[in-house]
Amino acid sequence: MTKSTKTILWVFFLIVALVQLFPLIWLIDFSFLSSNEFYSSSVLKWPSDPQWQNYINAWVDGKFLRYFINSVLVTSVTILLTVILSLTLGYAFTRMQWKLRPIFFTIILLGIMIPIHATLLPNFAIFKALGLTDSYLGLILPYTAVSVPLGTFILTGFMRSIPKAMEESAVVDGANIYRIVFQIIAPLTAPALVTVIVTTFLNCWNEFIMASTFLSKDALKTLPFSVMNFAGQYSSDYGSQFAVMVLTSIPAIVIYALFNEQITKGVTAGAVKG
Amino acid sequence: MQKVFNNKMAIFLFVFPGILLFSLTFLVPIVLSAYYSFRDTLSPGTPSAFIGFANYTELLFHDSRFWLALRNAVLLGLGFILIQHPIAIFFAIMLDRLGGKAEKWFRTIFFIPCVISVVVISKMWLSLLDPTFGAFNKMLDSLGLGFLKHAWLGDSSTALISMLFILIWAGFGWGLLFYYAGLKGIPDDLYEAASLDGASGFRLHWRITVPLLSPVITVQITLAMITALKQMETVFLTTNGGPGDSTQFLAVYLYNKAFSASQYGYANAISILFIIVCLLATYLSNKLTRSDATEF
């Protein structure tokens, strides 16, 4: 490719990126405006008097910190459980020899196709009967169950490419099956595990519908509810609404910025092998 | 070695927790859903009578909303396949050719909408498309296209297409990433060989990239249909199916039937049909696309 085509391509991408990010730029811009400035005719507006109060409202009335801590707790436990279960299931499906293997594998993979929304109603009834609604576990269990099928799928694909010689030499050295899985296979599958962790993070961190069905206690609510808190009482205070949306988006973007290389690597490994 | 792989205790410990959890949140609920779908339950736990297939016959033969929701899913899925995916493939190819630091940077930027919470996406687009202060209409105004100004999500003739637009914006990064990953798996020497044969530019990609990407495309088409069928949160938080059912989807419909209309039994019948439709769609799109996939 010549230098000039490269420049054209670069400029083209820059324009597309700006267009694509425009909604977010607009959101940030308007989060600094007072509500009556919203109706001016300009598409973007330099805030003459930046409304930091909007962010204070967002932090305080959006109950940002409490919901953030809940999100961290629910998401990290879910990720931990998903990794352990996907790893052990993946190993059992690729290496272990047992009769019901194909049936169970199909059943787990069905989880990728069955929409959670279709199981939402009976789950609500079951969780209510078991006393799981309005508890952290009431979110952690379904989040893990939803994440495990994809995690298992990614890991089985990856594990098939690991040579069995690894395990053979470990057995010669006297390692038992648990040491093999957690100390030899787990580190070898690290790139796939990162993909599992990141996809699980993105799904759970931003999940809303299960959380809003299973939770009614304010003390347990997760980050998306910060935004929902502004739907009623602040419905005309757009500046604060926009500020809370900006605040809510920041943690996920930061995590993504830190792990973006691993996401691509993980997906690439998956796509090439799958 | 065989002894290690046959360790029954280990197999049990590895498989049982996962299967138990999966059964608790998927299999048992489906069975329970099937049970409720044959009853005239108003809300979970209330007494109800067995009514046979009445919910199902009502749904399949007298409920136009059900069919509308299905039609909308198909239209949305087609929108993904015909608009989002070609754009994603085009950008993946261009990104791959750009190379260097810029490739990495743009790839990162294009994915940003994918990490943003669905609640934020919904509320943000609701504002962007707002008829009075939304940026979209203001932009049309400043371009001298003020006559196109519209209540985009509030008008039944534009609501579904606006929804498609929002979902393409939000999901574009994933599609791009998958195709990009697929491209990275195509060996360079194939391109060299083809360009020696005189193919170049568009023809080169049409003849080589697209066929070699076909395994990825197959999976992506299936995923697009499923994504369209599963559509819920964005719709729920923006239009809630309206105006006039123009953005109705099965998941939104069943949710509202269960929790707003107090027709829990009926909603469960929708759930069961919903699951059947999803499994059928996966099976069909797999079968249709696999047959002409190129092996390499």
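The values are calculated or read from the model by the stated rules, or taken from the named source; none is laboratory data. Keep in mind the model is a prediction, meaning the values are calculated, not measured. FYI the Cβ positions are ideal-geometry reconstructions off the backbone, even for glycines, and counts take in every protein chain you see.
Scanning segment B:57-79 for residues being among the basic types (Lys, Arg) and within 12 Å of the chain's Cα centre (by Cα) gives a total of 0.
Residues in segment A:23-52 that are closer than 30 Å to A:Leu220 by Cβ and without any contact (Cβ under 8 Å) to a residue 24 or more places away in the chain: 1 in all. Collect the residues in segment A:230-255 that are under 17 Å from the mean Cα position of the chain (by Cα) and either without any contact (Cβ under 8 Å) to a residue 12 or more places away in the chain or more than 8 Å from every other protein chain (Cβ to nearest Cβ) (or both), keeping them in residue-number order. Once the filter is applied, which keeps residues that are under 17 Å from the mean Cα position of the chain (by Cα) and either without any contact (Cβ under 8 Å) to a residue 12 or more places away in the chain or more than 8 Å from every other protein chain (Cβ to nearest Cβ) (or both), segment A:230-255 yields A:Leu247, A:Ile250, A:Pro251, A:Ile253, A:Val254.
Scanning segment B:14-70 for residues that are among the acidic types (Asp, Glu) and not in a loop (DSSP other than H, G, I, E, B) returns a single hit, B:Glu58. Of the helices (runs of 4 or more DSSP H) lying entirely inside segment A:1-111, the ones with 3 or more residues being at the interface with chain B (Cβ under 8 Å from one of its Cβ atoms) are found at A:3-30, A:64-94. Here B:Ser195, B:Ser156 are screened, and the one residue that is of a type in the set (S, T, N, Q) and within 30 Å of A:Met245 (Cβ to Cβ) is B:Ser156. Against the conditions (1) in a loop (DSSP other than H, G, I, E, B); (2) within 7 Å of chain A (Cβ to nearest Cβ); (3) in contact with a Lys or Arg (Cβ under 9 Å, 6 or more places away or on another chain); (4) not hydrophobic (A, V, I, L, M, F, W, C), where does B:Pro131 fall short? Just the number, please. Among (1) in a loop (DSSP other than H, G, I, E, B); (2) within 7 Å of chain A (Cβ to nearest Cβ); (3) in contact with a Lys or Arg (Cβ under 9 Å, 6 or more places away or on another chain); (4) not hydrophobic (A, V, I, L, M, F, W, C), B:Pro131 violates only (2).
Taken together, B:Leu32, B:Leu21 contain a single residue that is of a type in the set (A, V, I, L, M), in contact with a Pro (Cβ under 6 Å, 6 or more places away or on another chain), under 21 Å from A:Met113 (Cβ atoms) and within 13 Å of chain A (Cβ to nearest Cβ), which is B:Leu32. Scanning segment B:169-198 for residues that are among the aliphatic types (A, V, I, L, M) and within 20 Å of the chain's Cα centre (by Cα) yields B:Ala170, B:Leu176, B:Leu177, B:Ala181. Filtered by the rule that a residue be over 20 Å from A:Leu21 (Cα atoms) and charged (D, E, K, R), segment B:125-169 gives B:Asp141, B:Lys149, B:Asp155.
Filtered by the rule that a residue be in contact (Cβ under 8 Å) with a residue 60 or more places away in the chain and more than 21 Å from the chain's Cα centre (by Cα), segment B:134-162 gives B:Gly154, B:Asp155, B:Ser156, B:Ser157. Hey, does segment B:190-201 have a residue that's among the aliphatic types (A, V, I, L, M), more than 17 Å from A:Ile112 (Cα to Cα), touching a helix residue (DSSP H, G or I) at 6+ places or on another chain (Cβ under 9 Å) and buried (at least 22 other Cβ atoms within 10 Å of the Cβ)? Scanning segment B:190-201, I find no residue that is among the aliphatic types (A, V, I, L, M), more than 17 Å from A:Ile112 (Cα to Cα), touching a helix residue (DSSP H, G or I) at 6+ places or on another chain (Cβ under 9 Å) and buried (at least 22 other Cβ atoms within 10 Å of the Cβ), so the answer is no. Considering (1) at pLDDT 85 or above; (2) surrounded by 11 or more Cβ atoms within 10 Å (Cβ to Cβ), the lone condition that A:Ile15 does not fulfil carries the number (2).
The criterion of being at pLDDT 90 or above and under 23 Å from A:Ile116 (Cα atoms) holds for B:Leu27. Against the numbered list (1) of a type outside the set (A, V, I, L, M, F, W, C); (2) modelled with pLDDT of 90 or more; (3) more than 24 Å from B:Gln248 (Cα to Cα), B:Ser33 comes up short only at (3). Being at the interface with chain A (Cβ under 9 Å from one of its Cβ atoms) and under 15 Å from the mean Cα position of the chain (by Cα) is the filter here; which residues of segment B:272-287 pass it? Result: B:Phe274, B:Ile275, B:Cys278, B:Leu279, B:Ala281, B:Thr282. One residue stands out in segment A:90-136 among those that are touching a Phe, Trp or Tyr at 6+ places or on another chain (Cβ under 7 Å), closer than 28 Å to A:Val181 by Cα and of a type outside the set (A, V, I, L, M, F, W, C): the one that is surrounded by the fewest Cβ atoms within 10 Å (Cβ to Cβ), namely A:Gln97.
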